[in-house]
Structure formats: C-alpha cells, structure tokens
1. Among (1) farther than 20 Å from ALA388 by Cβ; (2) at pLDDT 95 or above; (3) not polar (S, T, N, Q), where does HIS271 come up short?
2. Name the residues in segment 201-244 that are among the β-branched types (Val, Ile, Thr), more than 16 Å from the chain's Cα centre (by Cα) and not in a helix (DSSP H, G or I), would you?
3. With respect to GLU374, is the statement that it is more than 30 Å from ASP199 (Cβ to Cβ), touching a residue at least 40 places away in the same chain (Cβ under 8 Å), surrounded by fewer than 18 Cβ atoms within 10 Å (Cβ to Cβ) and assigned by TED's automatic domain parsing to the domain that holds HIS281 true?
4. What residue, among those in segment 139-167 that are of a type in the set (Val, Ile, Thr) and surrounded by fewer than 23 Cβ atoms within 10 Å (Cβ to Cβ), is nearest to SER181 (Cα to Cα)?
5. Can you go through ASP282, ASP255, ASP289 and tell me which one is more than 20 Å from the chain's Cα centre (by Cα) and in contact (Cβ under 8 Å) with a residue 24 or more places away in the chain?
6. Could you pull out the residue among SER247, SER222, SER242 that is touching a helix residue (DSSP H, G or I) at 6+ places or on another chain (Cβ under 9 Å), among the polar types (S, T, N, Q), in the same structural domain as ALA317 (by TED's automatic domain parsing) and exposed (fewer than 14 other Cβ atoms within 10 Å of the Cβ)?
Amino acid sequence: MQKSIIKEQILSQLLDTYANTLKVLKQNTVGNKSASALFLPPDDPGSLGDEAMLAAGMKRLAEQGIKRIGIVNLKSNVRWENLDLVTETINLRGHFAYHSWKDRFRFVQMVSRYDRFYCIGADVMDGFYSESRTLRFIELVALAAKTGASATILGFSFNEQPTPNSVQALANLPASVRLCSRDPVSHQRLTHHLQRRVDLVADVAFLLEPAQEDSELAIGVSKWVRQQQELGRLVVGVNANSLHLKSLPQFGFDDLIRLYADALVELFSSHPTISFLMIPHDFRGKESDVSLASTILERLPIHMNSYCMKVPTPCSAAEIKFMCADLDLVFTGRMHLAIACLGQGVPVAGVTYQGKFEGLFNHFALQGMTIAPEKAFQPGALANFLAAIIAKREDIRQQIQSRLENVKTLAALNLM
C-alpha cells in the first residue's frame, strides 16, 4: 500500500513537471498563426442539449476568428455528427475512467497544443449524476490550466446538495480557471460553497442559431404546425423524459407513460382545439425521449391521432430550435428544449429537477412555470397545471421577449 501511494505521488509530480514544461515551451513559441480552442463535452453524443451548447460555443468562437476547434471525448470511436466546425476530434481510451496515468500524460500533451480549453459544465459539476465523472472533468480542467491554456468551465448549474468532494475539487482549481454559472440560483450556491469568483452568465445554448430553411425535416414539422393553426388549433409541444424517475423510485417507465397519456387526454377533453407535437430531445438509451414519445402517442385514443405528431429523429438541436418558433406553448422535462423555446420567445413550462428550471426562469423574472415531479403524478395535477399555463401564455410570451436580449448578452459572456 505504501509503495502504491509513493508511486502515485511521483507520477503526479512528473505530470505537473511535464505540464509546466509544455507551458514554458508554448510561451516561447514564435509565430502562432491562429488561436485555437478545445472543447470537452459533458457526455457522449445523443443529447441535443449538449449539442446545442457545443454548436453555439463553437460558432461564436469561429465568429471571433478562432480557426482551429477541437473536441476531446473520454471514449473511443465517438463522433458528433452535427458539429461541422470541428477540425480535430481526440478520443481518449475508455480506461481513462480508471485514472490511467498514460492517458493523463497524453491529454496534457494534446491540450498543450491549444490556446483555450472549454469544459461544458452543464449539470455535471455538482456530482449528482456521477461524482467520479465530475472529479475527472475537474482534473482535466486543472491539467489544461497547468499547460498554460486559458481554461473555462462554461455556464453550469449547481444543485442545492452538491457532493463535498465536488465542492472541494472546484474550490481547489487554479485561480486562473474561469468558472461561469448559468443562472442566478446556481451562482448564489456556488459563491457560497466555493468562496471564490464565479461569473454569472446565461446558458451558452441561447446563442444557438436555428437551422436554415434548407432543412426539409424542420420545414416539414413547421408546415404541420402551421396547418393545425390555420384550422384554429393551439399547438402545444410536449417533451417527456425519464430523468424524473430517479427521484421517484416508487414509479416506473410505464407509470410515466400513463401520466403523460392521461394528462394529454384530459387536456384535450377540456380544450378540444389543442394539437400536440411530441419533441424528443435526447436519443440515448432504451428509455429515451424517442421511445417515450412514441409509446405515449400509441396510448392516445384514435380520435386524437390527426391532431398529434412526433418530431422525426434523428435531428439536430438547430432543427429543433427552428421548429419551436411557431409553437404556441411547450411543456418540457428537458431544460435545453426550454432554452430553445425561450430563445425564440415561445412560452414554455417544465417539470423541475435539480433546481435547474427555477434558475433558468429567474433570468426572465418568471414564476410558477414549473411543476415538481411528485406533484405531477397526483391525479389531474399535470393537466390542471398545463391548463393554467395555456390561459396566461400571451402574458408569458411578452415577459420572455422583454428579457431575451439581456439574457443573450449574458450568454455571450461565456466566451469573452
């Protein structure tokens, strides 16, 4: 055991020396042709929220003159299909998860070739989903900073019960690392826990541009939405996901399907001029948004079929944002779908998780826009909640539009 500890200490010292050496070499390099940036995504491809943050951040940097943009993945054979600005993809081997020193040295060598390092903080910096992943990300940020790269954790949220090890690791990051909090609630929590500077921003995904009108998929969905509206119908977008089951172990996947199907039927009964657009926003796993949307639609009565549609998948985050523009209202369990809607001035409400929605709506001075998962499972509660939001949707729209430009300005601060 003692020999193992000594070995770890020696390797750690060697790694620091290697990083510092590369930093000196970088500082002495003459004739740097163009600035460069390396991004670390929060997870594997499949989440349109992660894609939105990456695509928006890369586009903003390209507009600033950054010509070399790389992406580093912690797994082999991973490819982000919709990120056309990426000039280099670096796949670390999967055993990095087991703290391979070989991969640590390899990462330091690679990141030293970039001027900037951006970790997409998202919702993975408080240890809620996986403390080991959080600590691994923080370690990579620290290593990047030691090579002389300008290191930033882009706008992230922070729940009210972060793991102590995650808090300690963030607090111990080099002073040069910039921390960006994407909402006022998280900002307050972070400054309280870390006792160091944290910049208040908005989610970088607010900078994502909608797909252009050459997307047949996006145009097809928007055409259906407008056709429904021309018939005098109100079109409500709906996203269902299984994230909320983690905090409600007494309920299963079938219970979630029944919850949404019953709520849509009840809402349709009281508002017969409503049409529903099911919007998956994450394609990963057997119980993905895609699977949920399809199964919910199968559970609806036949007479509702002509008034319901599911967004075809796969699709891009930019295409989803394009489709959202024409909707009258969206109800979502995914925060980045809410951001896509808010960025288009579209009224949106959501199911809470990790306190993220509250902080997001705080940017727009909106209250009462969320329902807790445990409340949603009470008979009739979800349909009643949605009916109340529908009744005040135009006031909500005006409030969003009055704050939107300020929020976009905050989002741009991620990449200053």
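The values are calculated or read from the model by the stated rules, or taken from the named source; none is laboratory data. Quick caveat, the model's predicted, so the values are computed rather than measured. Cβ sites come from the backbone with ideal geometry, for glycine too, and all protein chains shown count toward neighbours.
1. That leaves (1) as the condition not met.
2. Quick first cut of segment 201-244, residues among the β-branched types (Val, Ile, Thr) only: 201, 204, 219, 221, 225, 235-236, 238.
Subset that is more than 16 Å from the chain's Cα centre (by Cα): 219, 221, 225, 235-236, 238.
Passing the criteria: VAL235, VAL236, VAL238.
3. Values: more than 30 Å from ASP199 (Cβ to Cβ): yes; touching a residue at least 40 places away in the same chain (Cβ under 8 Å): yes; surrounded by fewer than 18 Cβ atoms within 10 Å (Cβ to Cβ): yes; assigned by TED's automatic domain parsing to the domain that holds HIS281: yes.
So GLU374 passes the test.
4. Start the filter on segment 139-167 by keeping residues that are of a type in the set (Val, Ile, Thr), which leaves 141, 147, 152-153, 163, 167.
Going one step further and asking which of them are surrounded by fewer than 23 Cβ atoms within 10 Å (Cβ to Cβ), we end up with 163, 167.
Details: THR163: 17, VAL167: 14 Å.
Among those that are of a type in the set (Val, Ile, Thr) and surrounded by fewer than 23 Cβ atoms within 10 Å (Cβ to Cβ), it is VAL167.
5. Values: ASP282 fails: more than 20 Å from the chain's Cα centre (by Cα); ASP289 fails: more than 20 Å from the chain's Cα centre (by Cα).
Result of the check over ASP282, ASP255, ASP289: ASP255.
6. Numbers: SER222 fails: exposed (fewer than 14 other Cβ atoms within 10 Å of the Cβ); SER242 fails: exposed (fewer than 14 other Cβ atoms within 10 Å of the Cβ).
Just a single option satisfies the conditions, and that option is SER247.
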